[in-house]
Every structure is written in C-alpha cells, then in structure tokens.
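Q: Below: one structure in structure tokens.
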Amino acid sequence: MESPKEIILLDLNLEDSEGLDSLKKLHYISDSEVIIVITAVEQKDLGLNLVRHGAQDYLLKQELTLPLLKKSILYAVERKKLENQLKYSALHDPLTGLPNRLLLFNRLQQLCDRIQWQKDLVVALLFIDVNNFKEINDTYGHAAGDEVLIELGKRLQQSVFARDTVARYAGDEFVVLLDGLQMEARLVKVIEKLKIAFRKPVYLKSVGKEMMVSVSIGIAVRSAEHPFENIDQLIQAADFAMYEAKKQSRKKKDPVTVCRFHQEQQKALLYS
C-alpha cells in the first residue's frame, strides 16, 4: 500500500478548465495523487461534491494564504492516506493480505470489458483448494489452519508473475487469474512451479512441527476458440474442474492434482 507521492492543485476557474469534469477526469486517470481544488465559487454542497469526485480538500481563492495552503496540504495528505487504508482493507483479505473476492471480481469485470474489443484475449482461471483442510483445523487448531492458508498464499504468489492476480476466494479456496499471450506455456510453467513449491512441507509455528500440504487445482481457459458467455460461467467451469481434481486426489498422494475443464463438459456444467 503506497503513500501518496504527488500533490495536485487544481484551479477550477482557469480558462482551460472544465469545472467538476476536470476533477472527474483527473481522478479517473489516476487516483493515487492528492488533489486540492482551488475555486472562486461559493456553492452549497460544493465541498461534498468535490470530495465525492476525488478531491481531498478545497480552498476558496479569495481566502487563500500560504499558511492556509500548507495546512490544507498536510490535511489532504493525511486524508488520502486514510482513504488508501480503507480502500486496501475493503479489497484485501485480512489474513493473507491477498486480493479478496471483491477485487477479484473487479479485475474479472475489467477483463470482460476488454474482451468486447479484444476478442482474441486469452484468460485462464485457476481454482485452488487445500485438501483435507478441515482435518488440519480439527487436529492442530485454527491457528495452524491460518498458517497453512498464509503459506499457501505466499507459494501461489511466488509461482506467478507480478501482473497476475492471486486472490483468496473463500475459506481454503484461492483463485489465480492469468491473461495475455502464450497462455499454454505460462500454465505449464505455473503448474510446474506449484508442484515444486508443494514438495516442501509447511512449518506450523503454533504446534512446532512440519506437515505436508496438498492442493487440488481446477483450470478453465477462455479464448476466441473456446469462449464463455459470461464471468459466472468461467468461474463455474474452474470450480467444476477443481472438484474433479479433488476426486482424483483421493486416489493418489501427489502434492498437486490438476484437472482442466474442457468444452465437451459444458453440458455437465449446465446441469450440475
């Protein structure tokens, strides 16, 4: 979570300014800067409207002094820090620090919007579930279960590129979201990294012992050749594949079991 790096003084009364629209556009382009609006107009609810559209403070031009500006800058920077903290908390899982379900859906929607004009965009969704997680909680306690989830999040992040999304979906379920070129090669690389990562035991500090943890992974890939009607269908496909992987994992002792959704399973998905 970054601290604000730039402070913008925005005069809404300049000739080339478009008033409130200037603030909206600036906030849309980037919401990382601190924005202080300077205006000569006194209007009811002006301050509320400015804050709603991205400003951290505003000053009336006729009352502007250097001490007041300095005070406004200090206030605006602190307000922006608080806004960033609240935004981060709303979009991230408190246990693992990973993006939460809300942020995941935001990024999925962004990709869905891109697909409207980039028909050949390839998107891969991986659903990951910890095998026998309830047994871990029941045997070693919830503190140990939390340690497993934190470590799983770290290993997932280490297995993908920085631009990819690793999110905690619910309980012991995680999601990895990939998009871009050469998807097949990237998927092979990610799965290989995960297989290597889960050969190592997880150290449970709360009980002072190591244990092996295995996961089941379901993969669904959206491409121009294999499109899905909407985001929900892509999620259902990855979830369907994950449960198929869990069935297979009961028959073998591999640390990572992978199952991929195929288009011929579409009918099974519709009636599942």
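The values are calculated or read from the model by the stated rules, or taken from the named source; none is laboratory data. Every value quoted in this text rests on a predicted model; they were computed, and no experiment measured them. Ideal geometry is used to build each Cβ from the backbone, glycine not excepted, and the neighbour counts take in all protein chains shown.
Q: Just to verify a result, which residue in the range 237-254, among those that are of a type in the set (D, E, K, R) and in a helix (DSSP H, G or I), is farthest from residue 125 (Cα to Cα)?
A: 247
Q: Quick one: how many residues across the range 94-120 are in contact (Cβ under 8 Å) with a residue 12 or more places away in the chain, surrounded by fewer than 18 Cβ atoms within 10 Å (Cβ to Cβ) and not in a helix (DSSP H, G or I)?
A: Here the count works out to 4.
Q: Any chance the range 69-85 includes a residue that's among the aromatic types (Phe, Trp, Tyr), more than 14 Å from the chain's Cα centre (by Cα), outside the structural domain of residue 179 (by TED's automatic domain parsing) and at pLDDT 90 or above?
A: Yes, the conditions are met somewhere in the range 69-85.
Q: In addition: Mind telling me which of the residues 155, 186, 222, 163 ends up being at pLDDT below 95 and either within 22 Å of residue 254 (Cβ to Cβ) or aromatic (Phe, Trp, Tyr) (or both)?
A: 186
Q: Please go through the range 196-219 and give me each residue that is assigned to a helix (DSSP H, G or I) and either surrounded by fewer than 17 Cβ atoms within 10 Å (Cβ to Cβ) or modelled with pLDDT of 95 or more (or both), ordered by number.
A: 196
Q: Would you check if residue 168 is in a strand (DSSP E or B), among the basic types (Lys, Arg) and closer than 21 Å to residue 239 by Cα?
A: Yes.
Q: I'd like to verify a number: residues in the range 97-136 that are of a type in the set (Gly, Ala, Ser) and closer than 20 Å to residue 242 by Cα, how many?
A: Looking only at that region, the number is 1.
Q: Another question, then. Which is surrounded by fewer than 15 Cβ atoms within 10 Å (Cβ to Cβ) and either assigned to a loop (DSSP other than H, G, I, E, B) or in contact (Cβ under 8 Å) with a residue 12 or more places away in the chain (or both), of 181, 234, 177?
A: 181
Q: Still on this model: Could you tell me how many of the residues in the range 126-141 are surrounded by 17 or more Cβ atoms within 10 Å (Cβ to Cβ) and either out of contact with any Ser or Thr (no Cβ under 7 Å at 6 or more places or on another chain) or not in a loop (DSSP other than H, G, I, E, B) (or both)?
A: 8
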